[in-house]
Structures are given as C-alpha cells and as structure tokens.
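No value in this document is a laboratory result; all are computed from the given coordinates. None of the values given here were measured: they were computed from a predicted structure. Positions of Cβ are backbone-derived with ideal geometry, glycine not excepted, and every protein chain shown enters the neighbour counts.
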Amino acid sequence: MSIADRVRVDDVTVLSDDWYVLRKASFAYRRSDGTWQDQTRESYDRGDGAAMLLYDPDRRTVILVRQFRYPAFANGHDDLMIEVPAGLLDAAAPEERIRAEVEEETGYRVRDVAFLWDAFMSPGAVTERLFFFAGRYDPADRIDAGGGKAGEGEDIEVLEVPFDAAMAMIADGRIRDAKTIMLLQHAALHLLPSEARG
C-alpha cells in the first residue's frame, strides 16, 4: 500500500555530514481522519547494511565477533559488543557485500549463503534497511584470522560459540545487539532447533 499521497515534503536540511548524514525534514502528513498535520523529523542516514549468522549444524556452533561500539559505550554498556558479522553495503549487492564483510571480520570464506529477510532496525530515527543472511561453515572454510580493517578502526575478536551458549548469552545480557538476537532466535526455530523440539 503506497502512502505517497499522504506525505508532502516541504524542506530537507542537512544538519551534519561527517561520519554519516543527519537530515531534518519538514513535511505535512495526512492523518487517518483526512486532516493535514505539519511535522518535523530528523533522520540519520548511514546507508543500508547486511548481517549474517554463520552456523555449523554438525557441531551446533556459531561464529560471532566481539568489538568496541562507541554509541553503546556512551549509553552505559561498559563492555565490548558481541555480534554477528555485519557491515554497510557501500553500493554493492547485499549478498556480495556480506560475503566480503564476513571474510574481513572472521576470516571465513562462506560457500552457501541464504537470504532470510530485510528489516528497518530503528525506523523512527535511522533510514538503514538491514538484509539478513545465514551461512553454513565448517573449520576448513577459515582462510585467515579475520579481525576487520585496522584502517577503519576495527579491532575484531572472532568467537566460535556453542549454539546453546550463545542463546544463554542473550538471556544473561552478554548479547545485547538486536540483529544478533534476531538471527540467533531464527536459528533456534529453523536452523538449529533443539533435539527436544524435534
């Protein structure tokens, strides 16, 4: 369902264009009762991205990464973030980019990649749409140590974690990253269901 006839954009101003782009939009929105309401919103444009869960169904393990995230630290998270590998598309196709990002961050060259879904992660403030993937791996797929690109400020630790331990890390708060929680929950339902569930 298109809502283009309910939005009249009057002005868009760039407030900041440093690391990413912050814009302020002034627009009118036609409400459900037919009246028009003037509104302003700021949106942060960091580009679209992709994320992948690497999983080994035979050993019931997953590959995660641990790294520093300043915004989380500034909001009281005094630890490194544990996440699935992810990155911005940088004008590449989502599958092409996530394959390269996984290799850069983890050192694994993924053979089989499955697209799962795409989602807006914080649609009230951020324009980013994230493409979610899953990929099977085994130890022989690791071609180097990974760790990311130091020139981009990355200092990434690669973790191979038993799947049940990863799920426990959600429950005890060690994993707080939304994309990672979503992919691990998907794995619990579809990729690595417990034997008790069948």
Residue exposure sequence - Tyr55, Tyr108 - by fewest surrounding Cβ within 10 Å: Tyr55, Tyr108
Under 5 Å, built H, 5+ apart or other chain: amide partners of Arg176: Ile82
Semi-axis lengths (Å, descending) of the ellipsoid that matches the C-alpha gyration tensor of region 10-108: 36, 17, 15
J(HN,Hα) series, region 23-31, from Karplus relation 6.51 cos²θ - 1.76 cosθ + 1.60, nearest Hz, glycine and proline x: 10, 10, 10, 10, 8, 10, 10, 7, 6
Nearest-20 debye value, the chain charge dipole, Cβ charges on Lys, Arg, Asp, Glu: 660 debye
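Once you have the Cα-Cα distance between Ile143 and Val7, take 0.36 nm times their residue separation minus that, and quote the gain in nm to one decimal. If you can, show how the numbers build up before the last one.
On the way: separation 136, 0.36 × 136 = 48.96 nm, distance 4.97 nm.
Gain on stretching Ile143 to Val7: 44.0 nm.
Please give the charge dipole size of region 4-45, origin at the Cα centre, charges +1 on K and R Cβ atoms and -1 on D and E Cβ atoms. Round to the nearest 20 debye.
Numbers: 7 positive and 9 negative charges, 47 e Å.
Its charge dipole is roughly 220 debye.
In which sequence would Met121, Met81 go, from the one with the fewest C-beta neighbours within 10 Å to the one with the most? Don't skip to the answer; put the middle values down first.
Working: Met121 14, Met81 19.
Going from least to most buried by this count: Met121, Met81.
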Hz values of 3J(HN,Hα) by residue in region 54-61 - Karplus curve (6.51, -1.76, 1.60), Gly and Pro given as x: 8, 9, 10, x, 6, 9, 6, 10
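Could you tell me what percent of the DSSP beta bridges with both partners in the chain are antiparallel, to the nearest 5? Mind showing how you got there, number by number?
Numbers: 42 of 50 bridges.
Antiparallel bridges: around 85 percent, rounded to the nearest 5.
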Given charges at Cβ of Lys, Arg, Asp, Glu: the chain dipole, positive-most of Gly153, Leu22, Ala91: Leu22
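Taking only the alpha-carbon atoms of region 100-198, what semi-axes of the equivalent ellipsoid follow from 5 times the gyration tensor eigenvalues under a square root, in whole Å, largest first?
Details: eigenvalues 97, 82, 45 Å².
The answer is 22, 20, 15 Å, longest axis first.
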Among (i) 29, 18, 17; (ii) 23, 18, 18; (iii) 35, 20, 16, the entry derived from the coordinates for semi-axes √(5λ) of the Cα gyration tensor in Å: (iii)
Percent RCO, i.e. relative contact order, over the chain, from Cα pairs under 8 Å lying at least 6 residues apart: 21 percent
